[in-house]
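Contents: one structure, followed by commentary.
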Amino acid sequence: MPLEQLKRFRKVVKLKDGTLVVLRPLGEGDGQRLVDMFASIPETDRRLLKHDVTDATLIASWANHIRFEVVFPLVAQIDDEIVADATLHKNPGTSLRHVAEVRVAIGARARGRGLGRIMLEELVALADKVDIEQLRAEVPVGSAVAQRAFEKVGFKQEAVFKDYFKTADDQYHDVAVMFLVLRDRWEEF
């Protein structure tokens, strides 16, 4: 799928409760809406994200400097509000160009309604179209809901890194590393 098609991607999905949600790429005008979505995530979950999503300048910069060839940012929108963010982090020009990392964050308004799994399924489908062969995710151990969502989409836990995440309050957390093979290289034989 060419980059221009990715930029124009749009899809309407229905949550478990019947709510309609638009899935689309993050756009330049979305900075504040993305800041608001991250602010709605409970602190206990927010602190386990890779970046300090309370930094409004950082979050706004993501919306203002989108490089689809490196990161594909998919957002979910209800009405005019961004309620979730899922990203596909690629490694162009490296020996890991066939692998991408998947990250998902669900805002308070959309939690527990199946949106995380829907967004994961969409990223898996898009990854396959942009020649990604494997997907990787890092999920904090103890985050059973997140781990189950990845497993339902086909990810398998391959390792646990002890004390891998260190939060701002100096607490350590174990992380499960999960993979999904989209194209097995042995299929060629």
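Laboratory data are not the source of any read-out in this text; all were calculated from the coordinates shown. What you see is a predicted model; the values in this text were computed from it and never measured. Every residue, glycine among them, receives a Cβ derived from its backbone with ideal geometry; neighbour counts consider all protein chains shown.
Between the stretch 13-75 and the stretch 81-159, how many Å separate their Cα centres?
14
If we count other beta carbons within 10 Å of each Cβ, what is the order of 98, 65, fewest first?
Details: 98 15, 65 9.
Exposure proxy ranking, most exposed first: 65, 98.
Which order do 183, 109, 33, 8 fall in if you start with the one that has the fewest other Cβ atoms within 10 Å? Can you show the working numbers first?
Numbers: 183 13, 109 17, 33 20, 8 9.
Lowest to highest Cβ neighbour count: 8, 183, 109, 33.
Residue 162 to residue 11: extension gain in nm, 0.36 nm per residue of separation minus the Cα-Cα distance?
Details: separation 151, 0.36 × 151 = 54.36 nm, distance 3.81 nm.
Going from the current span to full extension adds 50.5 nm.
Using just the C-alpha positions of the chain as equal point scatterers, what log10 of I(q)/I(0) does the Debye formula give at each q in 0.13 1/Å?
-0.68
Going 7 Å from the Cα of residue 98 in the Cα-to-Cβ direction, what parts of the stretch 134-148 have a backbone nitrogen less than 12 Å from that spot?
134-135
When the helices in the chain are scored as -39500 (n - 2.57) per DSSP H run of 4 or longer and the sum is shared across all residues, what 222 nm value do you end up with, to the nearest 500 deg cm²/dmol?
Result for the chain: -8000 deg cm²/dmol, rounded to the nearest 500.
Suppose every Lys and Arg Cβ carries +1 and every Asp and Glu Cβ carries -1, with no other charges. What dipole size does the chain come out with about its Cα centre, to the nearest 20 debye? Don't skip to the answer; put the middle values down first.
Values: 28 positive and 30 negative charges, 92 e Å.
Here the chain has a charge dipole of around 440 debye.
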